[in-house]
Amino acid sequence: MSAALLDTVAEVLVASGVGPHSRLCCALSGGVDSVVLLDVLVRLRERFGYALSAAHVHHGLSPAADTWLGFCAGYCRRLDVPLSSFRVAVPRDDPQGLEAAARQVRHAALQCVECDWLVFGHHRDDQAETLLFRLFRGTGLRGAGAMPAVEPPAAGVRGKLRPLLEQGRTALVQWAQVHAIDWVEDESNGDCRFTRNDIRHRILPAIEVAFPAASTALARAASHFREASDLLDELAAADELACGGASLERVALLTLSDARIINLLRWQARQRGVPAPSSARLREGLRQLRAAPAARPLHLPLGELACCAYRGRVWLEPVLTQSLVACTWRGGVVPGQALHWGGGSVVFRAVPGAGIAPSVLGRAIQCRLVPRAPGLRLRLGQGRPSRTVKNLCQEAGIPVWMRERLPVLEIDGATVWIAGIGVDAAFACRADELGILPEWLPFSF
């Protein structure tokens, strides 16, 4: 049994590329699954050469919470493993319930640990419970994939490892007993008022009366669902490429089936770190997209994102939830300077023969980024008349809903630059000068 458990964990570490330069942190609750996991990681530390630490989150929900923290501290001292502890406050009024709220603040705290991989003690029974819980809530294929053994690090988010998913809780208890390892029991784990506990203690045992290997079969099914979900992600990536990239060609997109378009938009949302819109909203957005004339602009809110269509392109963008606030500073601008604006930023870059003339910036007393004012005009070329921003936006292909978000740069009260349109000719640099060109990055992702 010992060799099998060690080999199982080692296989996951190898698959994730863990090695001498890796930093692993074990999420240590004090329960049997996490104490066994830490013991196994200590035994494998010399083989892989990684740096190992542990982290404990003190929720304060149980009268025994201080005792659990003391147990984890003592256990880590005996194993010579550094321990970080976090005290968190769990909101009692979370609409998704106390379980979900505790899980959310726990994972937020663990993301503060300096490591490459967070390692969790979830086992096969946890996987079966997770799958049932999500199926009862009507999850899609991705949710039915439950918990993967390896979630690689991405965009500042720690990677996650769950190397015990092929082991049942019984095997972990046996390991602890054979190696004389103590653990603590959370009394709330027996409270069937919590949905997951009810699945663990009442629903799953009832299923196992008729299907004794139900936990193993459910965990295997989750693995199959996850493989199918990964294939759908690959299909979405291929469809995005075929449709011209993140900003999709409308004609090419609408040749796809409804299921593939919805799959693509869900995938794009996740790529941006945003929860995928609901199926109902995606279906309604797609209905409007198919029904609307090609020349008609569309801006369809889908939750945190909106589906936009304009001039033959379709894309997702964040819904602006904050008001635009003017930004004022003394003096001019320097290359590389960046300022926040409406969920995105304005970056100033040095560009030969383009942008704002250095003489203008050199004598600037005050600069401001402001929203577009009514009646604003701009002159884009010497000898050409000034034109309204509305007309310039139409020519530049800027959608109506984005025009109110455009940042405007003022220098000493004069309008010098408007995002998406350009620099006023009166302030533009010569062809032989190094100018400063502002660039608006509308979104933070």
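Observations
- Residue selection: Cys76 satisfies the criterion of being surrounded by 16 or more Cβ atoms within 10 Å (Cβ to Cβ), touching a Pro at 6+ places or on another chain (Cβ under 8 Å) and either touching a residue at least 60 places away in the same chain (Cβ under 8 Å) or not aliphatic (A, V, I, L, M) (or both).
- Filter result (more than 18 Å from Gly70 (Cα to Cα) and assigned to a loop (DSSP other than H, G, I, E, B)) within region 19-45: Gly19, Pro20, His21, Ser22
- Just one residue in the set Ala4, Ala54, Ala65, Ala10 is among the aliphatic types (A, V, I, L, M) and in contact with a His (Cβ under 9 Å, 6 or more places away or on another chain); that residue is Ala65.
- Residues that are open to solvent by 20 Å² or more (accessible area, probe 1.4 Å) and either modelled with pLDDT of 90 or more or assigned to a loop (DSSP other than H, G, I, E, B) (or both) within region 148-164 comprise Pro148, Ala149, Val150, Glu151, Pro152, Pro153, Ala155, Gly156, Arg158, Lys160, listed in sequence order.
- Condition check for Val178: open to solvent by less than 30 Å² (accessible area, probe 1.4 Å) and modelled with pLDDT of 90 or more: no
- Members of region 378-401 that are within 17 Å of Arg311 (Cβ to Cβ), open to solvent by less than 20 Å² (accessible area, probe 1.4 Å) and without any contact (Cβ under 8 Å) to a residue 60 or more places away in the chain: Leu392, Cys393, Ile398
- Taking the criterion of being polar (S, T, N, Q), part of a loop (DSSP other than H, G, I, E, B) and under 22 Å from Leu434 (Cα atoms), the only residue of region 360-389 that qualifies is Gln382.
- Per-region count, region 347-375, residues open to solvent by 30 Å² or more (accessible area, probe 1.4 Å), in contact (Cβ under 8 Å) with a residue 40 or more places away in the chain and in contact with a helix residue (DSSP H, G or I) (Cβ under 9 Å, 6 or more places away or on another chain): 1
- Condition check for Gly303: open to solvent by less than 60 Å² (accessible area, probe 1.4 Å), at pLDDT below 90 and touching a strand residue (DSSP E or B) at 6+ places or on another chain (Cβ under 7 Å): no
- Filter result (among the small types (Gly, Ala, Ser) and either loosely packed, with under 13 Cβ neighbours inside 10 Å or closer than 22 Å to Gly143 by Cβ (or both)) within region 219-244: Ala219, Ala221, Ala222, Ser223, Ala228, Ser229, Ala236, Ala237, Ala238
- In region 274-299, the residues that are in a loop (DSSP other than H, G, I, E, B) and either open to solvent by 70 Å² or more (accessible area, probe 1.4 Å) or in contact with a Phe, Trp or Tyr (Cβ under 6 Å, 6 or more places away or on another chain) (or both): Pro275, Pro293, Ala294, Ala295, Arg296, Pro297
- Selection count where residues are surrounded by 15 or more Cβ atoms within 10 Å (Cβ to Cβ), of a type in the set (Val, Ile, Thr) and more than 15 Å from Ser229 (Cβ to Cβ), scope region 245-272: 1
- Across region 404-445, the number of residues qualifying as surrounded by fewer than 17 Cβ atoms within 10 Å (Cβ to Cβ) and closer than 20 Å to His340 by Cβ comes to 6.
The values are calculated or read from the model by the stated rules, or taken from the named source; none is laboratory data. Since the model is a prediction, treat every value here as computed from it, not as a measurement. A quick note on method: Cβ atoms are made from the backbone with ideal geometry, for glycine too, and the neighbour counts reach across all protein chains shown. Keep in mind that these areas ignore ligands, DNA and RNA; they rest on the heavy atoms of the full protein, side chains included. Shrake-Rupley method; radii C 1.70, N 1.55, O 1.52, S 1.80 Å.
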